[in-house]
Amino acid sequence: MDTVAPVRTQSPDVAVRRYVADAARAVRLPDDVAEILETSYREVSVQVPLRRDDGSLLVAHGYRVQHNGARGPYKGGLRYHPHADLDEVRALAALMTWKTALLDLPFGGAKGGIQIDPTTLSARELQSVTRTFALSLSHVLGAYRDIPAPDVNTNAQVMAWFMDAYSSRHGYTPAAVTGKPVELGGAPGREQATGRGLVYIVEAAARRWGWDLTGKRVVIEGFGNVGSWVARELDALGARVVAVSDVRGGVFNDNGLDVGGLVATVAAGGTVPDADVAHTPVTHDELLTLECDILVPAALGGSITADNADDITASLVAEGANHPVTPEADRILADRGVRVIPDILANGGGVTGSYFEWTQNIQQFQWKEERFNTELRERLEDAFHAVAEYAERDGCTYRLAAYAIALDRVARAARTRGYI
Ligand code: GLU
């Protein structure tokens, strides 16, 4: 599971709206089109009652927001977190619309979640809330309607339960959910795809900018699925991962951390600070401002703010998490010449992998992992270079370029389909 620090500093909805408004101005989006893209198509809020193991009843709240479906079925993950409220889910759904458009995937954008702390649930309780949630949303979901996937604190097992509950009502439908276990129609490579994809983009960036990644100092906030795969892949490329953290705290080693040791500890159920690897402990705040070349925020949103943006030493911030940088911090980083590869590009490997899984399920076919990775790299490189070219031509940030490309594609699809 992706366990991350429960930090929350600014409404993500406000942040995403700011980024969209900037891009709408840049592409001169007509006001009526902007208006339709500002709100969600559908927002579903459901009660998720859970009979606890001790016999008591917990009534959790669940959400699914479908932001825009102009380019295809709604697509996006499900997060289980105490802060997963409608405001957050709405912002994350919109991010998915921009992400799928930027990556040129035939999907719209959605997100869902249950406002619950899954670390307090037994395996039976986790399965029970997942099934109840799936059944209460099943009328708005489907392989050609809306396709959930993993996100914060959900994983392949949760997707398997979700798919099973959905299929109990609609017949066996593996394409209705992605990020499933490989034996249930999951795609080999999907689990690694977000972290690995981020590294493919960093490699493409390094080639474009004439950087050598060997020995580059890397700091990663968050050591869940995304952060740990980023660490493994960058370590394998010869970069030096000097600090990582999880919800319990951070570890630092100037000579480079033993990434394999950290991965083994976490895989065995341990936490990053407990790992038996040579390190000095660091706090979450210290970690972000450690001296490094590449900073990968891969925890929750809002970790880089106006309060710490001036102290970031990295020359590249690659956003593994969704909306980890507030608009104020984004401006400060841009003014200081820090390059930021935005979430809708940097972490787009996950949903691109989901797209491969969905197409394979529809065809009842399975690719080998090598093919998955080759196609993943190609798509992400194309998206990266399109953003870089736009940014170089217009002298704007990568974020503005990414949003501008995405906005233009969604607006064109909506207009061509004739619903605006
Ligand atoms: N939760 C991931 C994201 O935010 C993946 C979504 C998906 O695969 O649909 O991009």
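The values are calculated or read from the model by the stated rules, or taken from the named source; none is laboratory data. Since the structure is predicted, the reported quantities are computational estimates derived from the model, not experimental observations. A quick note on method: Cβ atoms are made from the backbone with ideal geometry, for glycine too, and the neighbour counts reach across all protein chains shown. These area figures cover heavy atoms from the full protein model, side chains too; ligands, DNA and RNA do not enter into them. Shrake-Rupley method; radii C 1.70, N 1.55, O 1.52, S 1.80 Å.
Here are some notes:
- For segment 311-319, putting each phi into the Karplus relation 6.51 cos²θ - 1.76 cosθ + 1.60 with θ = phi - 60° gives couplings of 9, 6, 9, 4, 8, 9, 10, 10, 7 Hz, in residue order, rounded to whole numbers and with x for Gly and Pro.
- Order by protection proxy (mean Cβ within 10 Å, highest first), peptides 195-204, 19-28: 195-204, 19-28
- About the Cα centre, charge dipole magnitude for the chain (Lys/Arg +1, Asp/Glu -1 at Cβ), debye: 1500
- Under the convention that each Lys and Arg Cβ holds +1 and each Asp and Glu Cβ holds -1, the size of the dipole of segment 278-395 around its Cα centre is about 400 debye.
- Karplus (6.51, -1.76, 1.60) ³J(HN,Hα), θ = phi - 60°, over segment 74-87, in Hz, Gly and Pro reported as x: 5, 9, x, x, 10, 10, 10, 7, x, 9, 6, 9, 4, 4
- DSSP bridge orientation in the chain - percent antiparallel, rounded to nearest 5: 50
- Positive dipole terminus of the chain, leading residue within I304, A94, L257 (C-beta point charges): A94
- Accessible solvent surface per residue of segment 52-207, calculated while the other protein chains remain in place, 1.4 angstrom probe, Å²: 29
- Taking amide H as placed 1.01 Å from N in the peptide plane, G179 has its amide H under 5 Å from the amide H of A187, each at least 5 places away in sequence or on another chain.
- Mean residue ellipticity (222 nm) of the chain, computed from DSSP H runs ≥ 4 via -39,500 (n - 2.57), nearest 500: -14000 deg cm²/dmol
- Residues with amide H under 5 Å from that of A60, placed H, sequence gap 5 or more: V48, L50
- Interchain or long-range residues, amide H under 5 Å from V282's placed H: G250, V251, F252
- For segment 130-267, a simple Cβ point-charge model (Lys and Arg +1, Asp and Glu -1, everything else neutral) yields a dipole of about 260 debye relative to the Cα centre.
- Residue separation of A123 and V140 scaled by 0.36 nm, minus their Cα-Cα distance, works out to 3.5 nm of gained length.
- Taking the inverse of the mean 1/r over every pair of distinct Cα atoms in segment 228-303 gives a Kirkwood hydrodynamic radius of 12.5 Å.
- The three principal axes of the C-alpha atoms in segment 154-272 carry coordinate ranges of 53, 36, 19 Å, sorted with the longest axis first.
- In plain terms, the chain from T313 to V46 could stretch by 91.8 nm, reckoned as 0.36 nm per residue minus the Cα-Cα distance.
- Length available on full extension from Y172 to V27: 0.36 nm per residue minus the Cα-Cα distance, which gives 47.9 nm.
- Descending by average beta-carbon neighbour count within 10 Å, the peptides 278-289, 176-187, 229-240, 137-148 line up as 176-187, 229-240, 137-148, 278-289, the highest first.
- Packing, taken as the mean count of other beta carbons within 10 Å per residue, orders the peptides 50-56, 165-171, 330-336 from highest to lowest as 330-336, 165-171, 50-56.
- Share of carbon and sulfur in the accessible heavy-atom surface of the chain [1.4 Å probe, %]: 47
- Treating each Cα of the chain as an identical point scatterer and summing with the Debye formula, the log10 of I(q)/I(0) at q = 0.15 Å⁻¹ comes to -1.50.
- Amide N proximity, segment 383-420 versus R331 label position 7 Å along Cα-to-Cβ, cut-off under 12 Å: none
- Karplus-based coupling profile of segment 211-220, in residue order and whole Hz: 8, 9, 6, 4, x, 4, 7, 10, 10, 10, with θ = phi - 60° in 6.51 cos²θ - 1.76 cosθ + 1.60 and x standing for Gly or Pro.
- Mean separation of Cα contacts under 8 Å (6+ apart) over length of the chain, as relative contact order %: 19
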